Amino acid sequence: MSKDKGSDNAGVTRRNFLSATALAGVAGAGIGGGLLTGCSPKAPEKHAGTVGLGELDEYYGFWSGGHSGEVRILGMPSMRELMRIPVFNIDSATGWGITNESKEIMAGGGGPYMNGDAHHPHMSMVDGRYDGKYVFINDKANTRVARIRCDIMKTDKIISIPNVSAVHGLRVQKVPHTKYVFCNAELRIPHPNDGRHLNDPTKYRTMFNAVDAESMEVAWQVVVDGNLDNTDADFKGTYACSTCYNSEGGVTLPETMRNERDWAVVFNIPRIEAAVKAGKFTTLGTSKVPIVDGTHGSDLTVYIPVPKSPHGLNTSPDGKYFMANGKLSPTVTVISIDKLDDWFAGKLKDPRDTVVAEPELGLGPLHTAFDHRGNAYTTLFIDSQIAKWNIDDAIRAYNGEKVDYITQKLDVQYQPGHLHTSMGETRDTDGKWLVVLCKFSKDRFLNVGPLHPENDQLIDISGDVMKLVHDGPTYAEPHDCIIVHRSKVNPIKIWKRDDPFFATTSAMAKQDGITLEKDNKVVRHGREVRVYMTAVAPNFGMTDFTVKKGDEITVVMTNLDTVEDVTHGFVMVNHGVSMEVGPQQTASVTFKADKAGVQWYYCHWFCHALHMEMRGRMLVEA
Ligand code: CUK
Ligand code: CUA
């Protein structure tokens with residue numbers, strides 16, 4: 001699969017386009033033309049030992065950007081960064097957080113916030129397999145969940161989750177399809193949080209949340225005991241399971257560390273849905289979201305005691321087990337999903353009867369990943385190692401047999417958090433690649449000052465032993481990633497004119513009697529001035545327009561180019577304004593004309609040999 005040469009796009013490439021247009025007659029064509037045409041590939045060299053120059057990767061990697069607030073797309077296994085998708089952050093290049101279209105999406109999540117803390121990117125599924133439609137991601141910093149449309153690779157929805165504080169663990173429902181996005185609110189807050197309670201921990205609660213994946217509305221919330229950490233769903237559509245620490249119900253660190261055991265909490269989805277349907281719920285404050293009680297004694301949940309402060313929660317792709325990673329205990333607790341059926345049918349006395357193994361792996365187990373051969377791979381944060389172990393052997397050992405379930409320990413550099421195998425959270429797990437997201441790089445790279453990069457390492461797991469093959473420095477902080485076969489993802493290359501991404505702007509133009517695909521006009525509504533402009537390389541449809549000082553200007557730009565990769569930009573100098581306008585896209589930005597005189601605007605996205613000349617003037621009359 002990774003043998004393709006160059007681009008697999010039929011039709012016009014950027015290079016043909018340039019040679020076919022205005023290059024003739026451009027003095028010094030070497031400036032623009034040379035830049036774009038002078039890169040003739042040499043004989044393929046191996047990149048990361050895996051993918052040759054000009055060859056396409058076999059997988060898309062979707063990487064969380066942690067507290068940078070973004071999502072990144074990497075080509076796998078080369079680990080080349082292909083794109084950044086701004087989500088919760090402000091982005092100068094694309095104008096995310098600056099354009100009207102992105103502001104409308106960001107407003108859905110409350111705020112305005114300039115930051116985010118993205119941890120867990122997960123793709124929507126049908127029958128336990130990626131469907132290529134959406135990637136969802138949490139924002140721990142501002143209690144939000146965002147959705148990325150994978151056809152355009154842009155964020156299209158951001159919502160804030162009511163009644164809770166700090167959304168952390170996030171996973172999708174896998175079967176029958178992603179109806180819900182499950183997310184854990186981590187920090188406990190008083191219910192109601194009205195300023196009366198600080199030091200009464202009995203008033204503190206957090207909740208497990210289900211978001212409708214299509215409408216992006218919160219479907220329901222479940223009150224729990226303790227603090228929720230990570231979560232995952234089964235392959236039946238019946239259960240989700242979350243790690244849950246602070247069984248003590250404390251609010252300070254010493255208080256939350258007292259107990260030897262905390263829990264894995266299992267949520268019975270059909271029972272929760274039935275309770276909501278039957279009206280057995282409450283609401284909080286102004287929110288209308290149904291809240292059901294899942295605390296101890298509820299028949300909607302079961303609290304399975306697991307060793308001290310568990311962290312990662314992973315479902316094995318054979319659908320048999322939930323695994324709670326011990327963090328402060330050297331163990332991973334393996335919970336049988338079949339036995340959960342027995343528990344909810346009233347056939348078991350003790351929630352611990354659902355546990356079928358508890359292998360001891362090393363210090364600081366945080367997360368576990370899987371291949372299709374019955375192996376599990378667990379990060380050991382404190383030991384800086386990956387433990388590869390056999391699930392069936394661990395079960396036999398738990399039943400008293402003398403078996404060595406650990407087959408290999410591999411040093412990684414250093415302190416790994418999440419790890420992920422290719423297709424590893426789906427039925428299509430293929431056991432080829434393992435990526436380990438290490439929190440510290442220490443001495444692995446050139447010194448770049450006190451702030452070090454992190455280190456995402458690539459491990460070949462196709463053979464009997466794990467082999468480390470690549471170091472990948474990363475910027476803060478890829479907690480988690482998914483590795484999706486490229487056959488599952490199929491983005492468009494040129495925008496569709498009726499894309500809902502800019503529907504609000506199109507509707508505004510229509511009201512103004514504007515045809516975006518051809519008009520270059522200024523429409524004034526009092527002090528509100530709308531400047532409708534087209535762009536075709538290397539020209540803006542309007543090279544000057546006149547407004548009055550104090551006017552509020554909205555520039556609406558439509559890129560009429562139909563050539564792949566010809567993106568224009570718009571920067572109004574000294575106005576803090578920039579935006580990306582892709583082929584056939586409309587984008588808009590609003591700003592105040594608060595400086596009299598000639599104000600230049602220019603295209604900041606390299607589009608043509610005459611890109612530097614693509615500019616115009618706004619005259620602001622005093
Ligand atoms: S968490 Cu960061 S290493 Cu947010 Cu999934 Cu475990
Ligand atoms: Cu248009 Cu650069």
| query | Does any residue in the range 272-295 that is on the phi > 0 side of the Ramachandran plot come within less than 7 Å, Cβ to Cβ, of a residue that is open to solvent by less than 40 Å² (accessible area, probe 1.4 Å) six or more places away or on a different chain, and which pairs are these? | reply | Gly285/Asn163
| request: Consider Thr504 carefully, then state whether it is farther than 18 Å from Ile386 by Cα and either away from ligand 1 (no atom under 16 Å from the Cβ) or touching an Asp or Glu at 6+ places or on another chain (Cβ under 9 Å) (or both). | output: yes
| message | Please pick out the residue among Ser78, Ser102 that is on the phi < 0 side of the Ramachandran plot, out of contact with any Ser or Thr (no Cβ under 7 Å at 6 or more places or on another chain), more than 16 Å from ligand 2 (Cβ to nearest atom) and not in a strand (DSSP E or B). | response | Ser102
| task | Can you run down the residue pairs with Cβ atoms below 9 Å, 6 or more apart or on separate chains, where the first is in the range 153-178 and in contact (Cβ under 8 Å) with a residue 12 or more places away in the chain and the partner is within 16 Å of ligand 2 (Cβ to nearest atom)? | result | Lys154/Thr94
| request: Output the strands (runs of 3 or more DSSP E) that fall wholly within the range 529-622 and possess 1 or more residues being away from ligand 1 (no atom under 16 Å from the Cβ) and open to solvent by 60 Å² or more (accessible area, probe 1.4 Å), or say none. | output: 544-548, 552-559, 586-592, 597-602, 615-621
| remark: Being over 23 Å from Asp338 (Cα atoms) and touching a Cys at 6+ places or on another chain (Cβ under 6 Å) narrows Val211, Val167, Val218 down to just Val167
| field | Extreme residue, most open to solvent (accessible area, probe 1.4 Å), among residues of the range 454-480 that are within 16 Å of ligand 1 (Cβ to nearest atom) and not in a strand (DSSP E or B) | value | Tyr475
| So is Leu451 away from ligand 1 (no atom under 16 Å from the Cβ), surrounded by fewer than 17 Cβ atoms within 10 Å (Cβ to Cβ) and under 27 Å from the mean Cα position of the chain (by Cα) or not? | yes
| When Ala141 is evaluated against the numbered criteria (1) within 16 Å of ligand 1 (Cβ to nearest atom); (2) open to solvent by 10 Å² or more (accessible area, probe 1.4 Å); (3) not in a loop (DSSP other than H, G, I, E, B), which criterion, by number, is the only one it fails? | (3)
| Residue that is farthest from ligand 2 (Cβ to nearest atom), among those in the range 512-524 that are open to solvent by less than 80 Å² (accessible area, probe 1.4 Å) and over 15 Å from His568 (Cβ atoms) | Gly513
| task | Report yes if Thr99 is among the β-branched types (Val, Ile, Thr) and open to solvent by 20 Å² or more (accessible area, probe 1.4 Å), otherwise no. | result | no
| query | In the range 292-318, how many residues are open to solvent by 20 Å² or more (accessible area, probe 1.4 Å) and touching a helix residue (DSSP H, G or I) at 6+ places or on another chain (Cβ under 8 Å)? | reply | 2
| said: With the condition being over 20 Å from Ser309 (Cα atoms), I'd like the strands (runs of 3 or more DSSP E) fully within the range 337-380 carrying at least 2 qualifying residues. | reply: 375-380
| query | Within the range 110-118, is even one residue part of a strand (DSSP E or B), over 19 Å from Gly285 (Cβ atoms) and modelled with pLDDT of 95 or more? | reply | yes
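The values are calculated or read from the model by the stated rules, or taken from the named source; none is laboratory data. Quick caveat, the model's predicted, so the values are computed rather than measured. Here Cβ is always computed from backbone atoms with ideal geometry, including for glycine, and neighbour counts include all displayed protein chains. Side chains included, ligands, DNA and RNA excluded: accessible areas come from the protein's heavy atoms. Shrake-Rupley method; radii C 1.70, N 1.55, O 1.52, S 1.80 Å.
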